[in-house]
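I have placed the structure first, in the form of structure tokens, so that the comments after it can refer back to it.
The values are calculated or read from the model by the stated rules, or taken from the named source; none is laboratory data. Because the structure is a prediction, the values reported are computed rather than measured. Backbone-built Cβ (ideal geometry, glycine too); neighbour counts: all protein chains shown.
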Ligand code: 5FU
């Protein structure tokens, strides 16, 4: 039986990676396969959003390098909100350098991403050394890595043999817990997929973003988690109401998949 036909709870019970076990348990508890993409530019906005939508998401996704007043208190407070509302933190860093450099970028610098982000991601364009470098920092801390097997934007180049290479590398590396992409990629060791570019209405933006619905992504394509940004907190929106709406849409798409 395909993992797409199993419940998140069942998958959590049999998964070998403690972080993924925790993720699936959270998803089941909160009935949420929604991740918020919090692309806001100040500490106050980021924390405010995390406190408001925290109850409805399983993963809170950050781009910490767009915060103009970043400090270490921000990540302390974000970690406290993650505990309060029961979500994981995913820093969407998209590492893309050689193993030795990404080790420095992941563990050190101003952001010290490995100290607070449960999940991060990378491009495999440099080859497998990037995974090994990140694993040296993240594995002792119990973190997990997603590979960018595809992207959501128009004309993106991660296709065909490149996408397949991502799948091979994910299967071969214990530190990898899954992918960014639009679908389920493999039945090997229950690697998860998280999908950005999800919207209930808009079809895209002026800079190449393309949106698909939760049903296309979760029911039809077998992805596990939808990532939604501006659909929830965009101009004129009520983030709590939209988070509830996307949570319900994502969860119903999952229930529909199970019933197929
Ligand atoms: F890897 C990817 C990708 O392929 N597409 C994306 O859109 C990541 N993203 C991120 O998801 C992007 O950096 C934003 O943080 C978020 C999408 O936000 P939106 O407001 O829902 O378009």
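Would you say residue 257 is within 15 Å of the ligand (Cβ to nearest atom) and modelled with pLDDT of 95 or more? Break it down into steps so the answer makes sense when it comes.
On the way: within 15 Å of the ligand (Cβ to nearest atom): no; modelled with pLDDT of 95 or more: yes.
Spelling it out, it is not the case that residue 257 is within 15 Å of the ligand (Cβ to nearest atom) and modelled with pLDDT of 95 or more.
Whether any residue in segment 203-214 is more than 12 Å from the ligand (Cβ to nearest atom) and surrounded by fewer than 18 Cβ atoms within 10 Å (Cβ to Cβ) is what I want to check.
Yes; the residues of segment 203-214 include at least one that is more than 12 Å from the ligand (Cβ to nearest atom) and surrounded by fewer than 18 Cβ atoms within 10 Å (Cβ to Cβ).
Here are the criteria: (1) part of a strand (DSSP E or B); (2) without any contact (Cβ under 8 Å) to a residue 24 or more places away in the chain. Tell me which single one residue 241 does not satisfy.
All conditions are met except number (1).
Name, by its number, the condition in (1) within 15 Å of the ligand (Cβ to nearest atom); (2) touching a residue at least 12 places away in the same chain (Cβ under 8 Å); (3) over 18 Å from the mean Cα position of the chain (by Cα); (4) assigned to a loop (DSSP other than H, G, I, E, B) that does not hold for residue 223.
Checking residue 223 against (1) within 15 Å of the ligand (Cβ to nearest atom); (2) touching a residue at least 12 places away in the same chain (Cβ under 8 Å); (3) over 18 Å from the mean Cα position of the chain (by Cα); (4) assigned to a loop (DSSP other than H, G, I, E, B), the one that fails is (3).
Does residue 47 meet the test of being within 18 Å of residue 230 (Cα to Cα) and buried (at least 23 other Cβ atoms within 10 Å of the Cβ)?
No, not satisfied.
Just give me the residues in segment 97-124 being under 14 Å from residue 67 (Cβ atoms) and assigned to a helix (DSSP H, G or I), in sequence order.
The one that is under 14 Å from residue 67 (Cβ atoms) and assigned to a helix (DSSP H, G or I): 113.
Can you find even one residue in segment 150-166 that is more than 16 Å from the ligand (Cβ to nearest atom), modelled with pLDDT of 95 or more, out of contact with any helix residue (DSSP H, G or I) (no Cβ under 9 Å at 6 or more places or on another chain) and under 27 Å from residue 250 (Cα atoms)?
The first filter runs over segment 150-166 and keeps only residues more than 16 Å from the ligand (Cβ to nearest atom), leaving 160-161, 164-165.
Going one step further and asking which of them are modelled with pLDDT of 95 or more, we end up with 160-161, 164-165.
Now narrow it down to the ones that are out of contact with any helix residue (DSSP H, G or I) (no Cβ under 9 Å at 6 or more places or on another chain): 160-161, 164-165.
Restricting the remaining residues to those that are under 27 Å from residue 250 (Cα atoms) gives 164.
Checking segment 150-166: at least one residue is more than 16 Å from the ligand (Cβ to nearest atom), modelled with pLDDT of 95 or more, out of contact with any helix residue (DSSP H, G or I) (no Cβ under 9 Å at 6 or more places or on another chain) and under 27 Å from residue 250 (Cα atoms).
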